[in-house]
Amino acid sequence: MRRERCDSRTADAATALTEWRQALWSRRSFLLRMAGGSVLALFGRANLAEEAETLDEARRWELLDAVQQHLFPSEADSPGAREINALAYLRFVVGDPKVDAEDRQFILEGAGWLEEIARDSAEQSFLDMNQDQREQVLRRIAGTSAGENWLSTLILYLMEALLTDPVYGGNPDGVGWRWLQHIPGYPRPPKDKTYPRLLS
């Protein structure tokens, strides 16, 4: 009976997380429709498309890594984005064939828009900026609906990386669980029974 209650709570939590993610994507889709399908218009610069496309994929991931580390920095007594393997988890999410192509594009192209705004405001790459300059750029981005949505999306996946089972690429060796003094549910998923494999 107790195990059934635990399984029910786990299923309820998974359902709630799925619904929250869908609501987040729905809000973003609504914003896109309101802007005539142009994310660029929401970021406030019509010429960002050209600049964003000049970045290769490796550079986009470097920028996403820098943003994650700024949003969730490492501390002496707590893990940050690097320790929870946030970038690897984000790669897992973006590589998931179940993720909508438009959503994947939104995450990756956001790195290009970020870089253009950084160069526009300080004439240097976001990667070369100090912490204060990065903060200013991210606050500028957060001042737009699409920018706020992009940052919210990255924060969502940071929290998932902190709390996920290590089998999905984040939270290596349960570092996030230990920091939060969380005891994970059982049974934990083996590598051959992760949700992408079960859904394929």
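Figures for the structure shown
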item: Sole exception among (1) surrounded by 20 or more Cβ atoms within 10 Å (Cβ to Cβ); (2) more than 21 Å from E83 (Cα to Cα) for Q133, by number; result: (1)
item: Subset of region 169-195 [surrounded by 13 or more Cβ atoms within 10 Å (Cβ to Cβ) and among the polar types (S, T, N, Q)]; result: N171, T194
item: Test: residue in region 84-99 that is under 29 Å from D165 (Cβ atoms) and acidic (D, E); result: yes
item: In region 121-148, the residues that are polar (S, T, N, Q), touching a residue at least 60 places away in the same chain (Cβ under 8 Å) and farther than 14 Å from V67 by Cβ; result: T144, S145
item: Extreme residue, nearest to the chain's Cα centre (by Cα), among residues of region 101-120 that are over 13 Å from A66 (Cβ atoms) and among the hydrophobic types (A, V, I, L, M, F, W, C); result: I107
item: Residue within region 151-158 that is part of a helix (DSSP H, G or I), more than 16 Å from V93 (Cα to Cα) and not acidic (D, E) present; result: no
item: Hits in region 79-120 (condition: β-branched (V, I, T) and in contact (Cβ under 8 Å) with a residue 24 or more places away in the chain); result: I84, V93, I107, I117
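Each reported figure results from applying straightforward, stated rules to the coordinates on display, with no laboratory input. Values in this document were obtained by computation on a predicted structure and should not be read as measured data. Using ideal geometry, Cβ is built from the backbone for each residue, glycine included, and neighbour counts are taken over all protein chains shown.
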